[in-house]
Every structure is written in C-alpha cells, then in structure tokens.
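The values are calculated or read from the model by the stated rules, or taken from the named source; none is laboratory data. Here the structure is a predicted model, which is why all the values come from computation and not from measurement. Reconstructed Cβ throughout: ideal geometry from the backbone, glycine too, with neighbour counts over all protein chains shown.
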Amino acid sequence: MSITIYIPRVHQKHSSRDIRIALLQQGIGKKVVVDLAYNPKTRFNMAFVTMEESVDGKLELLTDILNNKCSLGYQGKVKFYPHASSREFWLLLVSNCDHKTDEENLLKVPSTSQLFVGGEEATLCVE
C-alpha cells in the first residue's frame, strides 16, 4: 500500500529531510519520500509525501481518515505538529496528482538533457 499526501504550507525553515524524519518517527510508514516545491503565491513551500510499507496499520488508518472512510468522524482533516511544543502544524491532505503515471508518461518522451564530463558531452556506458 502507498499513498501520496499533499501538505499545502510548509515553512521554508523545514527541509524535506525534516518532514521525512518527523513522519518516520511517528511510525506511519517505513519508506517516506518527500518532494518540496516553492509556492510564490503563499511564499511557503508545499510538500508531496509518498509513504509506503505500513507499520502496525498506521498508514492504512491514516489513508482511511484522509479518504473519509474512517468511523472516527475526522472528516479527512489531519493536522500534524512537527514539534509538540509549537503551534505550527502541517495540514495533511490526499494528493490528487497521479505522480507515478505522470512520471511514466514523461519517461516515454525523448530526453533533451545532456551530460558533460570534464567539459565534454558524454554518455554513460557500463561494460
């Protein structure tokens, strides 16, 4: 099981590593990948967090809560406090983006990138 979570506002003082460590410490998933992007409209970062391999069913429970399938009545609203003594929180939402399909489609397009080694264009070959 995997889920991609969208965090719309993350203060710039937090790195992708900070988010990853905070979620791993909660034991929500064993594999956590974080992508940060700056949103110039809000002047905050936004994060896309992909989590896999649940620990003790926590990932499944979080998924059910975010998808309003949980009988606890939280209505898909999850606030994650990175520091217990702080008022700052990250709002966790289910991402509507299909990152895996997007990436697979992008890989079908011929690359326009170039690799230079020592100032000369190169191709990596394994012999």
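With the condition kept exactly as written, say whether any residue in region 10-19 is of a type outside the set (Lys, Arg), more than 19 Å from Glu88 (Cα to Cα) and crowded, with 16+ Cβ neighbours inside 10 Å.
no
Counting only residues that are exposed (fewer than 10 other Cβ atoms within 10 Å of the Cβ) and either among the β-branched types (Val, Ile, Thr) or at pLDDT 80 or above (or both), region 84-109 holds 7 of them. Here Ile28 meets each of (1) among the hydrophobic types (A, V, I, L, M, F, W, C); (2) under 13 Å from Tyr6 (Cβ atoms); (3) touching a residue at least 24 places away in the same chain (Cβ under 8 Å) with one exception, condition (2).
Got a sec? Which of Leu59, Leu24, Leu36 is aliphatic (A, V, I, L, M), more than 22 Å from Asn96 (Cα to Cα) and either in contact with a strand residue (DSSP E or B) (Cβ under 7 Å, 6 or more places away or on another chain) or not in a strand (DSSP E or B) (or both)?
Working: Leu59 fails: more than 22 Å from Asn96 (Cα to Cα); Leu36 fails: more than 22 Å from Asn96 (Cα to Cα).
Testing whether each residue is aliphatic (A, V, I, L, M), more than 22 Å from Asn96 (Cα to Cα) and either in contact with a strand residue (DSSP E or B) (Cβ under 7 Å, 6 or more places away or on another chain) or not in a strand (DSSP E or B) (or both) leaves just Leu24.
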